[in-house]
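What follows is a set of notes on a single structure, which appears directly below.
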Amino acid sequence: MSRRAKDICSGDRKWDHRVVWWKDAWADVKRIAAVVLQNSPVSVILPTAATTEEVWADASGAGGGYVLPDYGVVKSWAWTERQLVYPIHLKEAWALEGAVRHWLCLRSDEKGVEMKTDSALVWHALRKLKATGWLFNESIRATADLLEGVRWTVDWVPSKQNIADAPSRKF
C-alpha cells in the first residue's frame, strides 16, 4: 500500500474524493490568499458555491436525460435504434457530454461547473482524462475539450440521489 493510501486509510486526515488535495490544505490556501490580498495589488478570486453551477446527467438502457438546476432545464430523450446496442457506460458519457454542451450555451459568465454522474466509469475516466475503448475515450475527451478554460469538477453520486435519474427512465 502506498504512503498516500495509508494516510487516507489511517484516518489522520479526511480525504475529499472530489478534490485532489487534503481538506486542511484549503485553510492554507485561504491564509495565503489573505496575505496576498493585503500585501500586493494582485487580486485573488477563490471559488465559492456561488461561482459554481451543477450539471446532473444519467442514462438508462432506453434513454438519457440531464438536469441543469440553475436554469430550470430538464431534458430527456430516447436512444436511436443504433445507440441502443451500445453499453451503458458509453450512454452515460454521451448524456454528460450533451448536458455540458447545453450548459455551455446557457452560461453567461465565468462560472465553473460541478458535473454529477452515477457512473463510476465516467467519473473515473473524466478524472484521468482518458478511457479504454476508442468511442468511450472520444466522448470523454470531447467533454474535457468542451470544458477547456472552465473550472470544473466531476462527482460520483449514488443512483438514488441522482436527480437526472427520473428523466433518463422516461422511455
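The values are calculated or read from the model by the stated rules, or taken from the named source; none is laboratory data. Since the structure is predicted, the reported quantities are computational estimates derived from the model, not experimental observations. Quick reminder, even Gly has a Cβ in these numbers, built from the backbone with ideal geometry, and neighbours come from all protein chains shown. Ligands, DNA and RNA are stripped out before the accessible areas are found, and what is left, the full protein with its side chains, is counted by its heavy atoms. Shrake-Rupley method; radii C 1.70, N 1.55, O 1.52, S 1.80 Å.
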| task | Could you grab me the full set of residues in the range 103-126 that are touching a residue at least 24 places away in the same chain (Cβ under 8 Å), surrounded by fewer than 16 Cβ atoms within 10 Å (Cβ to Cβ) and not acidic (Asp, Glu)? | result | Leu104, Leu106, Lys111, Gly112, Ala120
| query | Which of the residues that make up the range 135-171 are β-branched (Val, Ile, Thr), over 23 Å from Ser108 (Cβ atoms) and in a helix (DSSP H, G or I)? | reply | Ile140
| said: For the list (1) in contact with a helix residue (DSSP H, G or I) (Cβ under 8 Å, 6 or more places away or on another chain); (2) without any contact (Cβ under 8 Å) to a residue 60 or more places away in the chain; (3) open to solvent by less than 80 Å² (accessible area, probe 1.4 Å), I need the number of the one condition that Trp152 fails. | reply: (1)
| query | Do you know which residues across the range 61-78 are over 26 Å from Thr51 (Cβ atoms), in contact (Cβ under 8 Å) with a residue 60 or more places away in the chain and not in a strand (DSSP E or B)? | reply | Ala62
